[in-house]
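FYI, it's all coordinate maths here, none of it is from the lab. The structure presented is a predicted model; accordingly, all values stated were derived computationally and were not measured. Cβ placement follows ideal geometry from the backbone for every residue including glycine, while neighbour counts extend to all protein chains displayed.
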Amino acid sequence: MTSSPTDHADRRATGPAGTPAAGPASDPATDAVVGAGIDTGSGTVTEGAADGVAELADELTRAIKRIRRRTIHQLEPYGITPGQSRALRVLAHAEACETPGRAMRLSELADRLNIAPRSATTVVDALEQAGLVERIPDPADRRAVGLALTTDGRAALERLAQVRQAVAEEYFSDTDPADVAVMLRVLPAAEAAHRAPAAGCGR
């Protein structure tokens, strides 16, 4: 007796003894995101997730505030604020990737930090007073003044990297690595839609 196409389809849909056939392995963390209405493949948010994204934004705000408070506490022994720490990282990245052959200007630093030039001046003044940053003639334009890390500034970056790592590990210590992986896919994709890609190598 020959089998009909329907019989073949039924066999493909069931396993041994009529049990359902095993499907592809699922990622619980990704399933949770998709279940909330977030399309991790295209980066879009479905209509059903409208309230969910607002709640997600609130959770991110709370997380950032807590991480910032903890970072401030950990940076106290070094006399550096989170804003100053970020300025040092931006300058180090610029020297290696964004502005090779010339120094970053104050206006460029302000743009990278998303702050007003006046605020950037305050940050740089504090870093210069601490001996971590210096103002130098721009090698590409002697009429312009650029910013450069000092030897002490580079050493401070190493200590700051350890603080950032310690704070992050403490905050996410109870988080499933699969959930972290999902956040590392979703959040950078969302952020990329709101800013121009960084020049040069990655941060």
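Summary table
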quantity: Segment Ala148-Arg69, extension gain: residue separation times 0.36 nm, minus the distance between their alpha carbons; calculated: 25.6 nm
quantity: Stretch gain in nm, segment Leu60-Arg159, where the contour uses 0.36 nm per residue and the Cα spacing is subtracted; calculated: 33.1 nm
quantity: Cut-off under 5 Å, modelled amide H: who pairs with Thr150 long-range; calculated: Val133, Glu134
quantity: Using a Förster distance of 45 Å, the FRET efficiency for Gln129-Ser173 (Cβ separation, nearest 0.05); calculated: 0.80
quantity: Built amide H within the under 5 Å cut-off of Ala103, gap 5+; calculated: Ala140
quantity: Under 14 Å, Cβ to Cβ, from His73 - net charge with Lys/Arg +1 and Asp/Glu -1; calculated: +4
quantity: Two-site FRET efficiency, Ala166 against His194, from Cβ-Cβ distance with R₀ of 25 Å, rounded to 0.05; calculated: 0.30
quantity: Selection of trypsin sites (Lys or Arg not before Pro), the stretch 68-154, meeting DSSP coil and at most 16 other Cβ within 10 Å; calculated: Arg102
